Every structure is written in structure tokens, then in C-alpha cells.
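Structure, as C-alpha cells:
The values are calculated or read from the model by the stated rules, or taken from the named source; none is laboratory data. It should be emphasised that the depicted structure is a prediction, and the values quoted were computed from it without experimental measurement. Here the Cβ positions follow ideal geometry from the backbone for every residue, glycine too, while neighbour counts run over all protein chains shown.
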Amino acid sequence: MAKKIVGVDFEPNFINTALVTQGRDSSLEFLKSTSVTSGLDDRGRIVNREKIAEALKEIWTANGYKTKRVALGLASSQVFVRTVNVPKQDLKQLQADLPAHIAGILPIDPQSLILDFYPIEEVVTDGRPEIRGLVLAAQKGAVESLVSSAEMAGLTVESIDLTAFSLLRYYASDLDKSGAVLHVFASRSLLHLIMTKDGMPELVRSVPISGFAPVLVEPVVTETDAGAEDAPAKGKGAKAKAAATQFVDNSAVVTREVLDTIRYYQQSGTDRAVQSILLAGISLNRNDYATKLQTETGVTVLPLYRAGFEDVSEHSFAGIDSIADLDDLAACIALGMEAKS
């Protein structure tokens with residue numbers, strides 16, 4: 001029997017949920033973004049567990065979710081991601097010694113972190129055998145707040161994943177990812193930037209962009225367009241058509257953060273040439289933004305879509321108002337679709 005699970009993503013002022021039926025070919029059943037007035041800070045971090053638990057209860061009732069199983073997303077701002085070299089040893093012992101290995105590397109006491117290590121390759125440094133790998137360090141308080149809020153709402157936590165990593169897996173494609181590749185994901189309030197080297201994450205950033213619709217096509221209706229306020233939706237009137245062709249372009253914010261990320265990555269080591277930039281989703285691939293970004297960075301820019309979603313006009317989903325919502329809700333979709341059944 002197929003199982004159902006709800007992917008839950010927290011962002012500033014919103015809790016986003018995606019109901020997924022799990023199986024060999026997992027399917028998306030329902031999507032919803034719910035506004036919350038308290039309980040989250042400006043980076044989507046939980047600051048009041050009781051408020052968030054109550055909000056989750058209301059979401060479950062309003063949307064008629066029957067399953068209590070949830071896959072929760074942990075914001076990148078609550079997780080440190082570093083590539084490090086550690087002495088070669090048994091991986092079980094390495095995990096136990098990890099706090100000592102990273103002491104001084106991270107700007108926080110290792111004892112206050114939940115640590116994990118993903119080996120990449122064996123290397124030799126000054127004659128010493130070492131293992132190069134990725135350290136993920138999540139703040140214990142952040143994880144406890146996630147789990148506690150869900151459990152207080154009567155939910156069962158099946159998985160917790162770094163939101164940026166779930167997006168990376170969800171948007172997996174056949175594009176060439178050899179060398180250094182910057183993946184860019186944008187929602188209405190957060191910009192996720194992930195630099196990978198030969199497919200392995202090496203740098204993760206999540207930047208608040210509250211109230212920002214990246215390169216999103218938005219109809220602008222002016223006061224002089226008398227009677228045209230709701231005409232774009234109805235498709236009536238010459239002035240309505242003219243209004244619908246005016247666009248709000250806030251892409252400068254994305255461009256600045258992309259340039260900052262590339263600059264930081266290249267300054268943090270040798271052999272750091274960036275091979276390509278992948279723009280994920282719908283909004284970032286509107287208004288010829290890829291061409292503009294390629295000119296600004298001098299790096300090849302390519303679109304990155306979830307397989308089968310290259311033409312989103314062919315799809316409709318219960319619970320969302322427009323195709324633009326697919327970008328805002330991509331994280332909760334990814335969490336639900338990528339959770340293990």
C-alpha cells in the first residue's frame with residue numbers, strides 16, 4: 001500500500017506543505033503555502049515552538065491531511081557546511097572524533113552541534129594519509145525546535161534534511177556537472193546557492209530576500225488603466241493587455257549574490273574556476289535573465305528544471321494559484337518527494 005507523507009518547509013512568514021504519495025514513482029497530490037504571523041524569524045527559523053505547533057495543527061485541519069508523517073526541512077542558515085581533510089581512520093571512529101577534528105574550524109562550540117561527515121576521497125598531505133570530506137554541522141537547538149514543534153502538533157517526524165540538499169537532489173538532471181558548478185534556487189524569501197565540485201557540495205549559502213520575486217513576470221496595472229484592475233485575469237481590454245506586458249525585474253539581487261558566492265569560492269582555495277551556473281525553476285529562467293547573468297559573470301549559464309517540468313503550463317496542482325508558486329514551494333515538494341518511504 002502506498003504511503004503518504006507531507007514535506008514541510010519553513011520560510012519567513014510562511015509554512016509550505018506538499019502532500020506526496022510515496023512509491024516507485026512518487027506523486028505530488030497537493031500543495032499549500034500558509035501565512036503565519038508569529039513563531040518564525042526573518043530566516044524561517046523557529047523561535048516559538050508553541051505557536052508553530054498550533055499553526056501546524058490548523059494547516060492539517062484546513063487542508064484535510066490524513067497522514068501524520070512529515071519530512072522537515074532545516075534551513076541552511078542553521079547548518080554549517082565545510083569541506084575538510086581529516087586523518088585517515090575507520091569511519092565509525094572518525095565520526096566519534098569529529099568534534100576534535102573540527103574544533104577551531106567552525107565559529108561555534110562543536111558540543112552544541114549535531115555533526116555528520118560524508119567522505120569524498122582519500123588524499124595524501126605532506127606524506128600523511130587523509131580523508132577529504134564534507135562536514136555538516138547542525139545546531140542542536142534548531143533540530144530540537146523542528147522536532148518538538150512537529151511532535152507537539154501530533155505529527156511523526158520521518159526525516160529531517162538540509163533544505164538546500166533536498167533541492168539539489170530534486171532537481172537532479174543529466175547536465176554536465178564536472179568541475180565547479182553553482183546551483184541557484186530562488187523562492188519569494190530565500191535564495192539558495194550551492195557550489196558543487198564534480199557533483200559534491202562544497203559551499204552552501206541561503207540568503208534572505210524577503211518580499212522579493214526573482215525575475216518573476218508580474219503584471220503591473222496603473223491607476224490610469226480605469227476599470228482594468230482585474231482585466232488581466234479575464235483577458236479583456238487593450239489597456240489590460242498593455243499592463244500585462246509590463247514586468248517587475250528585481251534580478252539585481254540574484255546577480256549580486258551569485259557574484260559574491262563565486263568570489264568567495266575562488267578566494268578560498270586554488271583551482272577554483274567555475275565551469276557553469278545552473279538556474280533552477282521557472283522564475284529565474286524568465287526575461288532572458290540567463291543571458292544577462294552570463295554577461296555579468298563570464299560563466300556559462302544554463303536552465304535547470306525538474307525532469308518533466310520544462311513546460312509547466314502543461315501541469316496543474318491542487319492548492320496553488322499560479323505556476324509561479326512552484327518556485328516558492330519547490331523546497332517542500334523536494335522534501336516530500338525525496339524522503340525515504
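Can you find a residue in region 22-34 that is buried (at least 20 other Cβ atoms within 10 Å of the Cβ) and either more than 18 Å from Asp9 (Cβ to Cβ) or in contact with a Pro (Cβ under 7 Å, 6 or more places away or on another chain) (or both)? Within region 22-34, none of the residues are buried (at least 20 other Cβ atoms within 10 Å of the Cβ) and either more than 18 Å from Asp9 (Cβ to Cβ) or in contact with a Pro (Cβ under 7 Å, 6 or more places away or on another chain) (or both).
This table checks each residue for (1) at pLDDT below 90; (2) hydroxyl-bearing (Ser, Thr, Tyr); (3) more than 24 Å from the chain's Cα centre (by Cα); (4) under 23 Å from Leu40 (Cβ atoms).
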{"site": "Ala75", "(1), (2), (3), (4)": "yes, no, no, yes"}
{"site": "Arg82", "(1), (2), (3), (4)": "yes, no, no, no"}
{"site": "Leu94", "(1), (2), (3), (4)": "yes, no, yes, no"}
{"site": "Ile105", "(1), (2), (3), (4)": "yes, no, yes, no"}
{"site": "Pro110", "(1), (2), (3), (4)": "yes, no, yes, no"}
{"site": "Asp116", "(1), (2), (3), (4)": "yes, no, no, no"}
{"site": "Gly133", "(1), (2), (3), (4)": "yes, no, no, no"}
{"site": "Ser145", "(1), (2), (3), (4)": "no, yes, no, yes"}
{"site": "Glu151", "(1), (2), (3), (4)": "no, no, no, yes"}
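Would you confirm whether any residue within region 161-169 is touching a residue at least 12 places away in the same chain (Cβ under 8 Å), over 21 Å from Ala339 (Cα atoms) and part of a helix (DSSP H, G or I)? The answer is no, given that none of the residues of region 161-169 is touching a residue at least 12 places away in the same chain (Cβ under 8 Å), over 21 Å from Ala339 (Cα atoms) and part of a helix (DSSP H, G or I). So if I check each of Ala75, Ala96, Ala62, which one is small (Gly, Ala, Ser), in contact with a Phe, Trp or Tyr (Cβ under 9 Å, 6 or more places away or on another chain) and either surrounded by fewer than 19 Cβ atoms within 10 Å (Cβ to Cβ) or touching a residue at least 12 places away in the same chain (Cβ under 8 Å) (or both)? Selected residue: Ala75, the only one of Ala75, Ala96, Ala62 that is small (Gly, Ala, Ser), in contact with a Phe, Trp or Tyr (Cβ under 9 Å, 6 or more places away or on another chain) and either surrounded by fewer than 19 Cβ atoms within 10 Å (Cβ to Cβ) or touching a residue at least 12 places away in the same chain (Cβ under 8 Å) (or both). Just one of the listed residues (Ile131, Ile114, Ile120, Ile105) is within 24 Å of Ile194 (Cβ to Cβ) and either loosely packed, with under 14 Cβ neighbours inside 10 Å or out of contact with any strand residue (DSSP E or B) (no Cβ under 8 Å at 6 or more places or on another chain) (or both), and it is Ile105.
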